[in-house]
Amino acid sequence: MQDTRRRILDSLADGPVSGPEMADALGVSRAAVWKHIEALRDSGFGIESRGDGYALVDVPEFGGTAVEHGLEAPFEIEYHDAIGSTNDRARELAAAGRTDVAVLADEQTGGRGRLGRAWAAPSGGVWLSLVCRPDVPTAHAPVYTLAAAVATAEALGAIGVDAGIKWPNDVLVDGEKITGILTEMEGESGRVSWIVVGIGINANVDADAVPETATTIREAVGDTDRAALTRDLLERFEALRSNPEGVLPAWRDAATTLGRRVRVETQRGDVVGDAADVEFPGTLVVETERGRERVSAGDCEHLRPV
Ligand code: BT5
């Protein structure tokens, strides 16, 4: 959001402020204040003109300005009511050199999972893709998927949804998938050029609009304030990406895979055994009959104990 508009909203947070007072505080003309107030009204903020000044009476339910309002993470929000895939749009922005942009949509018409799978993304979800340009080796990329899973599980926990992580990229509630994560990357000479972390949360969505194996926030606890959830998620992700060493301990805390018997389908075949640990940057360690095996990518299934 434009900096002056953000400052206007901040100044209105504590009650009504008169036009001249605001103009003085921001160092702009009264006409400029009025123009910004009009622009904020256009983007969904309810601002009344009263005897004691401008009063903020309503904030938009969802959208770029709703998320940016009070956001304490350095992401610019690009919001779409509907889009093919937020990951595709984020990749375009990344290829054009942008960073710290969060592409957000209410609905996706061509949402993607891993390996070309389709992702159901009806209106009412939180469909989000983050463009990041960390100066790290490409081999470290998986830790961003783990960070996104941790941030999501914690943000869901904060609204009363008891979510756990299934390695590597699923956030589940009672075994049903509530969030999927799709990380895509481009590198050069072994270093990351950009990473796009796509996060899809089934939020205010009917259970029959997503696959049988899935669940939604609506089903778990009822509809939620998606702007607040997105803000919380971005702030948690920001804290984790600034401190990559903290990601693994947080992931272990939130994961349901460790200690479970698992089958992981990998390109080299199935790995079956007990999930013992996860190692940087996201490698799953499995105790198998053949000894310890390390898996860096694959589809993981939790099995019943033998
Ligand atoms: C994923 O793939 O779980 C990654 C999903 C990432 C979606 C986000 S939304 C924002 C951004 N923009 C995009 O276009 N994508 C990202 P994978 O592990 O391959 O799981 C895909 C499988 O999950 C499908 O084959 C279905 O079985 C199932 N599925 C499809 N839609 C679902 C949904 N809404 N909720 C839960 N499961 C779903």
Would you mind calculating the relative contact order of the stretch 164-306 from Cα pairs under 8 angstrom and at least 6 residues apart, reporting the percent as a whole number? 17 percent
Calculate how steeply helix 30-42 sits against the longest principal axis of the alpha-carbon atoms of the chain, using the helix alpha-carbon long axis, and give the answer as 0 to 90 degrees to the nearest 10. 40 degrees
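Relative contact order (percent) for the chain, with alpha-carbon contacts under 8 angstrom and 6 or more residues of separation?
Values: 626 pairs, mean separation 41.1, N = 306.
That works out to 13 percent.
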Checked the stretch 1-125 with the C-alpha gyration tensor, a ≥ b ≥ c its square-rooted eigenvalues, rounded below a/c of 1.5, otherwise prolate if a/b is larger than b/c and oblate if not; verdict prolate
Using label points projected 7 Å from each Cα along Cα→Cβ, tell me how many nm separate R30 and R261, to one decimal. 7.7 nm
Just grab the label-to-label distance for S242 and L303, each label 7 Å out from Cα along the Cβ direction, in nm (one decimal). 4.3 nm
With the radius of gyration and the Kirkwood radius both derived from the Cα set of the stretch 182-233, what is their ratio Rg to Rh? 1.18
Euclidean distance of C-alpha centroids, the stretch 27-51 and the stretch 217-291, integer Å: 44 Å
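Kindly state, as a whole number, the per residue volume in cubic angstrom of the convex hull around the alpha carbon atoms of the stretch 155-210. Each step should come with its number before you reach the end.
Working: hull volume 5.8 nm³, N = 56.
Spelled out: Cα convex hull of the stretch 155-210, divided by residues, is 103 Å³.
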Protection proxy ranking of 37-48, 147-158, 287-298 - average other beta-carbon atoms within 10 Å, highest first: 147-158, 37-48, 287-298
For the stretch 161-271, the Rg and Dmax computed from alpha carbons only, in angstrom: 15.9, 47
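Gain in length, S49 to R290, computed as 0.36 nm per residue apart minus the alpha-carbon separation, to one decimal in nm? Could you put the intermediate results ahead of the total?
Values: separation 241, 0.36 × 241 = 86.76 nm, distance 7.31 nm.
Separation in residues times 0.36 nm, less the Cα-Cα distance, equals 79.4 nm.
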For the peptides 194-203, 175-184, what is the packing order when you average, over each peptide's residues, the other Cβ atoms within 10 Å and list the highest mean first? 194-203, 175-184
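Diagonalise the Cα gyration tensor of the stretch 71-193 and give the resulting equivalent ellipsoid semi-axes, square root of 5 times each eigenvalue, largest first, whole Å. Don't skip to the answer; put the middle values down first.
Numbers: eigenvalues 102, 66, 43 Å².
In descending order, the three semi-axes are 23, 18, 15 Å.
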Between the stretch 155-205 and the stretch 52-107, what is the separation of their alpha carbon centroids in Å? 18 Å
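Rg to Rh ratio, the chain, alpha-carbon atoms and Kirkwood radius? Before the final figure, lay out each step's value.
Working: Rg = 21.5 Å, Rh = 20.7 Å.
When Rh is taken as the Kirkwood radius, the ratio is 1.04.
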So in the stretch 154-279, what percent of DSSP beta bridges are antiparallel if you round to the nearest 5? 90 percent
Suppose the chain between A276 and V57 were pulled fully straight at 0.36 nm per residue; how much longer would it get relative to their current alpha carbon spacing? 73.6 nm
Fraction of alpha-carbon pairs over 16 Å apart in the stretch 10-50 - percent: 29 percent
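FYI, it's all coordinate maths here, none of it is from the lab. Worth saying up front: this structure is predicted, and the values here are computed from it rather than measured. So basically every Cβ, Gly included, is an ideal-geometry build from the backbone, and we count neighbours across all protein chains shown.
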